[in-house]
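Asker: Here it is, the structure in full.
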Amino acid sequence: MWHLWDGTHFWISGTRSRIWCRQIGHDPRVSLCIEALAPVAGHIGVDGTAEVLEPPAFDIWPLSRRLAEKYVGRGDPANAAAVDAFVANMMTEPRILIRLTPEVWRAIDMRVYRGKRADREHQDSA
């Protein structure tokens, strides 16, 4: 799932027809898990409250474009045509934005994490 962190909120794009988007509309309590391999293998978990934002009450396109620039454009201006095409396609869908306000953070550095004690004990006995 594409996400964008602005220093205060996570922004996530979806469509009104997706089940997970409809569920957030019914219950705004959410968890977001982000895993990465580089530059350091790690995991971040965030619990928070999500708000569904959609046109015409909210202009979703500037942030949607930033998401496309991050993932389709990979931060390279040379990929602007691909970003433009992607955003044009997004505009044909019933798009929404989810604004997630974090309340609880968890982080794991996978270089040192060995799993839960019960998992380690089970693996050692096998």
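The values are calculated or read from the model by the stated rules, or taken from the named source; none is laboratory data. Model, not experiment: these values are computed from the prediction. Virtual Cβ from ideal backbone geometry, glycine too; neighbours counted across all protein chains shown. We work out accessible area using only protein heavy atoms, side chains counted, and drop any ligands, DNA or RNA first. Shrake-Rupley method; radii C 1.70, N 1.55, O 1.52, S 1.80 Å.
Asker: Does segment 12-23 contain any residue that is open to solvent by 50 Å² or more (accessible area, probe 1.4 Å), of a type in the set (Phe, Trp, Tyr) and under 18 Å from residue 94 (Cα atoms)?
Answerer: Looking for residues that are open to solvent by 50 Å² or more (accessible area, probe 1.4 Å), of a type in the set (Phe, Trp, Tyr) and under 18 Å from residue 94 (Cα atoms), one finds at least one in segment 12-23, hence yes.
Asker: Okay, next question. Does residue 99 satisfy being basic (Lys, Arg), out of contact with any Lys or Arg (no Cβ under 8 Å at 6 or more places or on another chain) and open to solvent by less than 80 Å² (accessible area, probe 1.4 Å)?
Answerer: So residue 99 passes the test.
Asker: Looking at 108, 96, 44, which is the one that is under 17 Å from the mean Cα position of the chain (by Cα) and at pLDDT below 95?
Answerer: Result: 44 is the single residue among 108, 96, 44 that is under 17 Å from the mean Cα position of the chain (by Cα) and at pLDDT below 95.
Asker: Further, regarding this structure: Cβ-Cβ under 7 Å, sequence separation 6+ or interchain: first residue in segment 7-32 and within 17 Å of residue 104 (Cβ to Cβ) and of a type in the set (Val, Ile, Thr), partner open to solvent by 20 Å² or more (accessible area, probe 1.4 Å) and not in a strand (DSSP E or B). Which pairs?
Answerer: 30/24
Asker: With the condition kept exactly as written, say whether any residue in segment 34-44 is open to solvent by 80 Å² or more (accessible area, probe 1.4 Å), in a strand (DSSP E or B) and in contact with a His (Cβ under 7 Å, 6 or more places away or on another chain).
Answerer: Yes, the conditions are met somewhere in segment 34-44.
Asker: Out of 57, 68, 81, I need the residue that is of a type in the set (A, V, I, L, M, F, W, C), outside any strand (DSSP E or B) and surrounded by 15 or more Cβ atoms within 10 Å (Cβ to Cβ). Which one?
Answerer: Answer to the check: 68.
Asker: Would it be correct to say that residue 52 is surrounded by 15 or more Cβ atoms within 10 Å (Cβ to Cβ) and not in a helix (DSSP H, G or I)?
Answerer: Values: surrounded by 15 or more Cβ atoms within 10 Å (Cβ to Cβ): yes; not in a helix (DSSP H, G or I): yes.
Judged against the criteria, residue 52 is a match.
For every residue, the table says whether it meets (1) polar (S, T, N, Q); (2) touching a strand residue (DSSP E or B) at 6+ places or on another chain (Cβ under 9 Å); (3) without any contact (Cβ under 8 Å) to a residue 24 or more places away in the chain.
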{"position": "67", "(1), (2), (3)": "no, yes, no"}
{"position": "75", "(1), (2), (3)": "no, no, yes"}
{"position": "88", "(1), (2), (3)": "no, no, yes"}
{"position": "92", "(1), (2), (3)": "yes, no, yes"}
{"position": "99", "(1), (2), (3)": "no, yes, no"}
{"position": "104", "(1), (2), (3)": "no, yes, no"}
{"position": "107", "(1), (2), (3)": "no, yes, no"}
{"position": "116", "(1), (2), (3)": "no, no, yes"}
